[in-house]
Amino acid sequence: MSRLSRKPIQIPEGVTVSVDGLLISVRGPKGEKTLPLLPFITVHSDSGAVTVQSEHHMTQANINTGTMWSLVRNAIQGVSSGFSKNLEIMGVGYRAAMEGGTLVLSLGFVNPIRFTPPEGVSVIVEKNVIRISGVDKEKVGQAAAEIRAFKKPEPYKGKGIRYEGEIVQRKAGKKAATAGAGG
């Protein structure tokens, strides 16, 4: 069994967790999230804490215990404070702008790239930083990965879209041919 799943998850003020059959619903100031209950797992919501336990001593039950614990913890954190990822745009002439609910990226291609964020995810553009935020950690991460995939940072000049704080390994370009070689 996961070591973390032995610890109860503390519920912050303003967040309610209810277990109804095979669904767990978490409500908070930022929104609501429902999770399906994994097999061989029981979840109990007590006064200010949630505990996750396995029903059987099987390998799959132990795996599901740790997974369910992480999913419940992320849901509680998402509805209370939310998740966000920041992307930086590097390169001359590379720009991002919002047109309504659509992100428009000018990344050196002939036509601009249009990206509509999934439901529950908000995108804000400030100069060369794209801020992606939402309640669902998985959707926020997936949206950030899709935007980054439009123009990954290249290793020679470092141009492209990267996560904030991401270090791009730089390569040396071609060297000038040495005189007197081959002769």
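The values are calculated or read from the model by the stated rules, or taken from the named source; none is laboratory data. This is a predicted model, so every value here is computed, not measured. FYI the Cβ positions are ideal-geometry reconstructions off the backbone, even for glycines, and counts take in every protein chain you see.
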Problem set entry | Considering residues of the range 89-112 that are in contact with a Gly (Cβ under 9 Å, 6 or more places away or on another chain) and not in a loop (DSSP other than H, G, I, E, B) only, the residue surrounded by the fewest Cβ atoms within 10 Å (Cβ to Cβ) | Ser106
Problem set entry | Counted residues, the range 67-88 - those being surrounded by fewer than 17 Cβ atoms within 10 Å (Cβ to Cβ) and not in a strand (DSSP E or B) | 3
Seminar exercise, completed: Here the residues within the range 54-67 that are closer than 10 Å to Phe40 by Cβ and not β-branched (Val, Ile, Thr) are Ser54, Glu55, His56, His57, Met58, Gln60, Ala61, Asn62, Asn64
Exercise. Any residue in the range 120-140 that is modelled with pLDDT of 95 or more, assigned to a helix (DSSP H, G or I) and not charged (D, E, K, R)?
Worked result: yes
Problem set entry | Per-region count, the range 121-139, residues of a type outside the set (Ser, Thr, Tyr), surrounded by 15 or more Cβ atoms within 10 Å (Cβ to Cβ) and touching a helix residue (DSSP H, G or I) at 6+ places or on another chain (Cβ under 9 Å) | 8
Seminar exercise, completed: Note on Lys151: of the conditions (1) closer than 27 Å to Ser81 by Cβ; (2) in contact (Cβ under 8 Å) with a residue 12 or more places away in the chain, unmet is (1)
For this session: Could you list all residues from the range 56-88 that are of a type in the set (A, V, I, L, M) and touching a Lys or Arg at 6+ places or on another chain (Cβ under 7 Å)?
Result: Ala75, Val79, Leu87
Exercise. From the list Pro8, Pro29, which one is in contact (Cβ under 8 Å) with a residue 40 or more places away in the chain and farther than 24 Å from Lys139 by Cα?
Worked result: Pro8
Problem set entry | Total residues in the range 1-33, condition at positive phi and exposed (fewer than 12 other Cβ atoms within 10 Å of the Cβ) | 2
Seminar exercise, completed: Contact list, first residue from the range 156-168 and over 13 Å from Val129 (Cβ atoms), second anywhere and surrounded by fewer than 11 Cβ atoms within 10 Å (Cβ to Cβ) and basic (Lys, Arg), beta-carbon distance below 8 Å, six or more apart or interchain, is Tyr156/Lys171
